[in-house]
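For reference, the structure discussed in these notes is given below.
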Amino acid sequence: MNRVLIAGATGYLGHYLVSVLHERGCWVRALSRSEARLADSRTAVNDIFIGEVTRPETLRGVADEVEVVISAVGITRQKDGLTYDDVDYQGNLNLLQEAQASGVKKFIYVSVLAVDGMQNLKIVQAKEKFVQALRASELDYTVIRPNGYFSDMREFLAMARRGRVMVFGDGNFHMNPVHGQDVAEVCADAIDGTAQEISFGGPEVYTHRQIAEAAFEAVGRKPHISSMPLFVAGMGLWFLRHFTSTTFYGPIEFTLTVLTRDMVGETRGEKRLADFYLQEARLSVLK
């Protein structure tokens, strides 16, 4: 039975990691800032460790008696005055140092897909700086690089509910977003796997226009899709980088970048985006 520490256990992916590893018979320790944040997953967790990755003094012993660390730690929206460098790099480095001190056998880190050509993005710079530290650590490791999560695709659904979806260019950029459970399954497989890097997306490749159409179908509305010229994204990024702080523009520059290029990984998993949209639409009606 593998003994696994999950960092980032309260996030979108963390929820599925806890569930999948529990179902596979692993002993699971979850790192969280408070026990209350794990209320929905409590029955699948064997141990809760209260600490914060940005405060290394709170992490002492977090990896004791653990064989594998899986980190889904990262921020998509900068808050609490913390930067990508504080969390995606230094926070994960604090975890790595605890793993080394406790004799952990393997460190699995969840990063992002297709970093080539995106090295100028603040979030990518922080994540890749940690990847370099992980490679140099002499620990057995795997870097998991999933495409955008289904949860990120909720914005298309929100726009469809409002009656109009905006896409960049002609809407023919391609991507294969992936469900959190499918990502969790890949992470769980990596525990006993030998691959040091795994890049992938979901089982189906869509154009952005097709994603918009699926969103409209889920909410039962006639598609109204508008195109935004690509130069608008470029101008917007230039303005944000020159006249706002990194904390403000960081999340926006990442979103605009991935929406103005193809983002396609090796097809994996079983969950379909159309089914996810239908489920989300039904849940919205029930609320």
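The values are calculated or read from the model by the stated rules, or taken from the named source; none is laboratory data. This structure is a prediction, so every number in the text was calculated from the model and none was measured. Heads up, the Cβs are rebuilt from the backbone with ideal geometry, glycines too, and the neighbour counts pull from every protein chain shown. Please note that ligands, DNA and RNA were not included when accessible areas were found on the heavy atoms of the full protein model with its side chains. Shrake-Rupley method; radii C 1.70, N 1.55, O 1.52, S 1.80 Å.
What to note about this one:
- Qualifying residue in region 253-260 (condition: touching a strand residue (DSSP E or B) at 6+ places or on another chain (Cβ under 6 Å), in contact (Cβ under 8 Å) with a residue 60 or more places away in the chain and within 25 Å of Ile108 (Cα to Cα)): no
- Positions within region 167-185 being open to solvent by less than 40 Å² (accessible area, probe 1.4 Å) and not hydrophobic (A, V, I, L, M, F, W, C), in sequence order: Gly169, Gly171, Asn176, Pro177, His179, Gly180, Asp182
- Of all residue pairs spaced 6 or more apart or on separate chains, those with beta-carbon atoms under 9 Å, a first member in region 21-49 that is farther than 18 Å from Ala72 by Cα and a second member that is assigned to a loop (DSSP other than H, G, I, E, B) and open to solvent by 80 Å² or more (accessible area, probe 1.4 Å) are Gly25/Met1.
- For region 17-53, the candidate set comprises residues that are open to solvent by less than 50 Å² (accessible area, probe 1.4 Å), modelled with pLDDT of 95 or more and assigned to a helix (DSSP H, G or I); within that set, the residue that is nearest to Tyr109 (Cα to Cα) is Leu17.
- Annotation: of all residues in region 74-90 being open to solvent by 30 Å² or more (accessible area, probe 1.4 Å) and among the acidic types (Asp, Glu), the one that is modelled with the lowest pLDDT is Asp80.
- Where helices (runs of 4 or more DSSP H) fall entirely within region 59-168, those with at least 1 residues that are touching a Leu at 6+ places or on another chain (Cβ under 9 Å) are at 92-101, 122-135.
- Any hit, region 97-105, residues being of a type in the set (Val, Ile, Thr) and closer than 21 Å to Thr257 by Cα: no
- When Ala99 is tested against (1) touching a helix residue (DSSP H, G or I) at 6+ places or on another chain (Cβ under 7 Å); (2) buried (at least 20 other Cβ atoms within 10 Å of the Cβ), only condition (1) is not met.
- Answer from Leu121, Leu139, Leu93 - the residue that is in contact (Cβ under 8 Å) with a residue 12 or more places away in the chain and either open to solvent by 40 Å² or more (accessible area, probe 1.4 Å) or in contact with a strand residue (DSSP E or B) (Cβ under 9 Å, 6 or more places away or on another chain) (or both): Leu139
- Residue ID - nearest to Val112 (Cα to Cα), chosen from residues in region 1-16 that are open to solvent by 30 Å² or more (accessible area, probe 1.4 Å) and without any contact (Cβ under 8 Å) to a residue 60 or more places away in the chain: Thr10
- Picking from residues in region 105-118 that are in contact (Cβ under 8 Å) with a residue 60 or more places away in the chain and not charged (D, E, K, R), the one that is surrounded by the fewest Cβ atoms within 10 Å (Cβ to Cβ) is Gly117.
- Restricting attention to region 245-285 and to residues that are open to solvent by less than 40 Å² (accessible area, probe 1.4 Å) and at pLDDT below 80, the residue that is farthest from Ile198 (Cα to Cα) turns out to be Tyr249.
- Complete set of residues in region 178-214 that are among the charged types (D, E, K, R) and not in a helix (DSSP H, G or I): Asp192, Glu197, Glu204
- Check on Arg42, farther than 25 Å from Ala126 by Cα and touching an Asp or Glu at 6+ places or on another chain (Cβ under 7 Å): no
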